[in-house]
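Novice: Before I ask anything, here is the structure I am working with.
What follows is calculated from the coordinates using simple rules that are stated; it is not laboratory data. For clarity, every value in this text was computed on a predicted model and none was experimentally measured.
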Amino acid sequence: MNTRKGWFFGTIAILLNLLIIVSLTRSVWEVWQRRDIVTERKAELTVLEAENIKLKQALEEAQSREYIEREARNKLGMAKPGETVILFERREASESAASGNPDRRTNWQRWVGLFF
């Protein structure tokens, strides 16, 4: 009976050790995966911090008097006293002129080509 108890407790001890080993292995695996996630997040953080710095610089520039004056001149057509604003009319180039291949067909041939 003593040997039977020893065998039973030995089996229980082995099973408990296996359970502990499996649990520790799973924990180590999760920590290893999370370490990779931390590395990825650090890279993302670096990119976002650089973007944040650029945005702060753009905000500082947009709040400066020089920027406001430049935008008022360019977009609103404003001028300082004594200056004259000259506005140029923008003309859209036709498709044939823009492509460099003028259409040499007569007008009636273009109409036929449009419908048929």
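Novice: If the viscosity is 0.692 mPa s and the temperature 37 °C, what Stokes-Einstein diffusion coefficient in µm²/s follows for the chain when Rh is the Kirkwood radius over Cα pairs?
Specialist: In µm²/s, the coefficient is 134.
Novice: Would you kindly state how much longer the chain becomes between Val47 and Phe88 on full extension, computed as 0.36 nm times their sequence separation minus their alpha carbon distance, in nm to one decimal?
Specialist: 10.6 nm
Novice: I would also like to ask the following. At each listed q (0.28, 0.29, 0.30 Å⁻¹), what is the log10 of I(q)/I(0) that the Debye formula gives for the range 1-50 modelled as equal alpha-carbon point scatterers?
Specialist: Treating every Cα as an identical point scatterer, log10 I(q)/I(0) equals -0.93, -0.95, -0.97.
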